[in-house]
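Inspection log for the structure reproduced underneath, given as structure tokens.
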């Protein structure tokens, strides 16, 4: 009997693509829903919001992707930005095709710290994947007693916003206060306009009994963190997901090591307090 892939992080688990859809008007962002083929893999594959998988195509390579689905779903959802050889190969996959995954890897968002608090979710562009998973998961689990949500999510233009159907559903929930923004005015857009850091600065979010999670392009994170600190958030109240430089997912290739830390193993979720202990180059 072959070694169980769940116990061997080097072995891939076969998956079938059961649904594909394009998120963006330019078709650069494609969402794939995956189902594990082997029942043993399905019974042992467990993850929480914030974790990631390695998506593998034999002969093409593999890349890490944050899991966008909620753990309660019977599919594993990833959204892939077409930027290179591997992601282009993934974009060629259609319903019924087969691929492989490894994982899940990494740590999770601080779910226990969120209990009985207000959760503030801030994201930009393509990085909304694992935060979408987080929001769905918390909404499904009333035992966390989340007092409310602030969602601030932005993209360059309306055509680049992810999960538009989900966003519309979230807008209908009384516990969620959402601000969906685009960078510049666009004909037909009636929502908020402005860069995410500016929207955060102008918002009425408060640090009292709150946890803020942020994920987006590095420049967005860099400019948004000071806005949260100015509003009185403490560094142990702010968490972000760092996915740059990750490759193997298990701390062997050395691509993501920063000082004594490996983003793929010690992260990808870090508090701002933890980040201050990392070398300045990150």
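The values are calculated or read from the model by the stated rules, or taken from the named source; none is laboratory data. A quick note: this is a predicted structure, and the numbers were derived from the prediction, not measured. Note: ideal-geometry Cβ built from the backbone for every residue, glycine included; neighbour counts use all protein chains shown.
Residue 69 meets each of the listed conditions (1) within 20 Å of the chain's Cα centre (by Cα); (2) surrounded by fewer than 19 Cβ atoms within 10 Å (Cβ to Cβ); (3) under 27 Å from residue 41 (Cα atoms) apart from (2).
Regarding the range 94-103, can at least one residue be identified that is farther than 21 Å from residue 132 by Cβ and crowded, with 20+ Cβ neighbours inside 10 Å? Yes, the conditions are met somewhere in the range 94-103. The residues on offer are 279, 217, and the sole one that is in the same structural domain as residue 160 (by TED's automatic domain parsing), within 23 Å of residue 107 (Cβ to Cβ) and surrounded by fewer than 20 Cβ atoms within 10 Å (Cβ to Cβ) is 217. With respect to (1) under 21 Å from residue 175 (Cα atoms); (2) within 13 Å of the chain's Cα centre (by Cα); (3) outside the structural domain of residue 197 (by TED's automatic domain parsing), the lone exception for residue 134 is condition (3). The single condition among (1) in contact with a helix residue (DSSP H, G or I) (Cβ under 8 Å, 6 or more places away or on another chain); (2) outside any loop (DSSP other than H, G, I, E, B) that residue 116 does not meet is (2).
Checking the conditions here, which among 268, 207, 260 is more than 22 Å from the chain's Cα centre (by Cα) and not assigned by TED's automatic domain parsing to the domain that holds residue 117?
260
Rundown of residues vs (1) crowded, with 17+ Cβ neighbours inside 10 Å; (2) farther than 30 Å from residue 113 by Cβ; (3) within 21 Å of the chain's Cα centre (by Cα); (4) at pLDDT 95 or above, yes/no style:
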position	(1), (2), (3), (4)
4	no, yes, no, no
13	yes, yes, no, yes
16	no, yes, no, yes
19	no, yes, yes, yes
31	yes, no, yes, yes
49	yes, no, yes, yes
58	no, yes, no, no
84	no, yes, yes, no
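Restricting attention to the range 226-247, report how many residues are modelled with pLDDT of 90 or more and under 16 Å from residue 67 (Cα atoms). Let's see the steps before the verdict.
First, pick out the residues of the range 226-247 that are modelled with pLDDT of 90 or more: 226-241.
Remaining after also requiring under 16 Å from residue 67 (Cα atoms): 240-241.
Going through the range 226-247 one residue at a time, the tally reaches 2.
So which residues in the range 140-164 are part of a helix (DSSP H, G or I) and over 17 Å from the mean Cα position of the chain (by Cα)? Across the range 140-164, the qualifying residues are 140, 142, 143, 144, 158, 159.
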